[in-house]
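To start, the structure itself, in structure tokens.
The values are calculated or read from the model by the stated rules, or taken from the named source; none is laboratory data. On a predicted model such as this, the values are computed, not experimentally measured, just so you know. Here Cβ is always computed from backbone atoms with ideal geometry, including for glycine, and neighbour counts include all displayed protein chains. Areas reflect the complete protein model, heavy atoms only, side chains present, ligands, DNA and RNA absent. Shrake-Rupley method; radii C 1.70, N 1.55, O 1.52, S 1.80 Å.
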Amino acid sequence: MNLEKFNDILKNEPSYRLKQIKHSLFVDLINDWQEATTLSKELREKLSKNLPISIEEESLVSDDQKTIKTLLTLEDGQKIEAVLMRHTGNRNTVCLSSQVGCPLACEFCATGKLGFTRNLSSFEMVAQLLFFSRLLKKEEQRVTNVVFMGMGEPFLNYDNVLEAVRILNDKDGLNIGARKISISTAGIVEGIERLTKEKLQINLAISLHSAKDELRSELMPVNSKYSLQKVVGVVKDYVNKTKRRVMFEYVMIDGINDRQSDANALAKIMKDEFYFVNLISYNPTGIFKPSSGAKIKRFKELLTAQGVEVTQRYRFGDNIKAACGQLAGKSIST
Ligand code: SAH
């Protein structure tokens, strides 16, 4: 699929035609332009030739059928991963990648070990979602939630990510509510500042993982540039201006960031009614060990006792390496 030339190719078409085309692609969820019967044969041919919409992919389904991990091959042969998580009650969340690889090199993250190749275009992000939308349509279901928590750092590809958000959010298209879209960042200050100024109701999540600068810098080298103080400072401003809640993600790593002193340091930072902590089990990537259930419970109790709101992330897809931090864009069959 390559929709890069979308606007170029269609710039001379009347606006009602553009509407029909978008409707075919994003509402009817066609797999092939030939299915777009509202368009003339000529236009269908032109679109088939210039805007291919078939998606090259390999997918894996988890044992419990709740998770599908898809490896998509892009026009230039690069590979990225996206994940569908099926909750009860027809809630379907898609986790999107924003870059091929990632430059941030977080110690605990498989994508971080790959290094950075390139940014994704907005349409490459939309294509990941379209793949799952087409799949769910067969069961008369739809994608209801989107999280930018796949490969890459969304705020190092700010413009394209925001353009993708606008395409996803379009009422006449995929129509995914802004409140159902979340962007997770390792704490790129400029990105948070820019998001504060957008008139968008999307959700912001911050990957914190430690409330101590020294440890955070070890786990996340980006902390040397954007210290806790800087990150928390811009998040405060975001909350003051937008009155939106912010989720702080915290991966529980055994003996590293799960001690009582870590919980106390975290509780100090979390003193704001708009903040909440999301505890994530560390998904093994070969370096650390995950905290035990008992340790996570204790950590949670320590936070709760200090007035911090805490949620725990449900573990999706660990048996197919589709869980957070395990996306490495490797071929699935090998
Ligand atoms: N770069 C962005 C988004 C991608 S990572 C960010 O840092 O937020 C999405 C989430 O998965 C982040 O909170 C990240 O820290 C977390 N994560 C990374 N590796 C993980 C692992 N091995 N186990 C659990 N969560 C992990």
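Regarding A305, is this residue modelled with pLDDT of 95 or more, small (G, A, S) and surrounded by fewer than 21 Cβ atoms within 10 Å (Cβ to Cβ)? Answer is yes for this residue.
For residues that are among the hydroxyl-bearing types (S, T, Y) and open to solvent by less than 50 Å² (accessible area, probe 1.4 Å), scanning just region 16-57, find the one that is modelled with the lowest pLDDT.
First, pick out the residues of region 16-57 that are among the hydroxyl-bearing types (S, T, Y): 16, 24, 37-38, 40, 48, 54.
Cutting the leftovers down to open to solvent by less than 50 Å² (accessible area, probe 1.4 Å) gives us 24, 48.
Numbers: S24: 96, S48: 93.
That would be S48.
Of all residue pairs spaced 6 or more apart or on separate chains, those with beta-carbon atoms under 8 Å, a first member in region 281-306 that is farther than 24 Å from G112 by Cα and among the β-branched types (V, I, T) and a second member that is within 16 Å of the ligand (Cβ to nearest atom) and assigned to a loop (DSSP other than H, G, I, E, B) are I296/D258. In region 278-302, the residue that is nearest to L219 (Cα to Cα) out of those that are of a type in the set (A, V, I, L, M) and within 12 Å of the ligand (Cβ to nearest atom) is I287. Put simply, of A105, A164, A127 the only residue that is at pLDDT 95 or above, of a type outside the set (S, T, N, Q) and outside any helix (DSSP H, G or I) is A105.
Which is under 15 Å from the mean Cα position of the chain (by Cα) and not assigned by TED's automatic domain parsing to the domain that holds F26, of G233, G173, G152?
Working: G233 fails: under 15 Å from the mean Cα position of the chain (by Cα); G173 fails: under 15 Å from the mean Cα position of the chain (by Cα).
Of the residues listed, the single one that is under 15 Å from the mean Cα position of the chain (by Cα) and not assigned by TED's automatic domain parsing to the domain that holds F26 is G152.
Please determine whether any residue of region 261-274 is more than 13 Å from the ligand (Cβ to nearest atom), open to solvent by 50 Å² or more (accessible area, probe 1.4 Å), assigned to a loop (DSSP other than H, G, I, E, B) and at positive phi. Among the residues of region 261-274, not one is more than 13 Å from the ligand (Cβ to nearest atom), open to solvent by 50 Å² or more (accessible area, probe 1.4 Å), assigned to a loop (DSSP other than H, G, I, E, B) and at positive phi, which makes the answer no.
Report yes if N283 is within 20 Å of V147 (Cα to Cα), in the same structural domain as L195 (by TED's automatic domain parsing), in contact with a Gly (Cβ under 7 Å, 6 or more places away or on another chain) and not aliphatic (A, V, I, L, M), otherwise no. Give the derivation first.
Details: within 20 Å of V147 (Cα to Cα): yes; in the same structural domain as L195 (by TED's automatic domain parsing): yes; in contact with a Gly (Cβ under 7 Å, 6 or more places away or on another chain): yes; not aliphatic (A, V, I, L, M): yes.
Against the criterion (within 20 Å of V147 (Cα to Cα), in the same structural domain as L195 (by TED's automatic domain parsing), in contact with a Gly (Cβ under 7 Å, 6 or more places away or on another chain) and not aliphatic (A, V, I, L, M)), N283 qualifies.
With the condition kept exactly as written, say whether any residue in region 238-251 is out of contact with any strand residue (DSSP E or B) (no Cβ under 7 Å at 6 or more places or on another chain), closer than 25 Å to A110 by Cα and either buried (at least 18 other Cβ atoms within 10 Å of the Cβ) or not aliphatic (A, V, I, L, M) (or both). No: zero hits.
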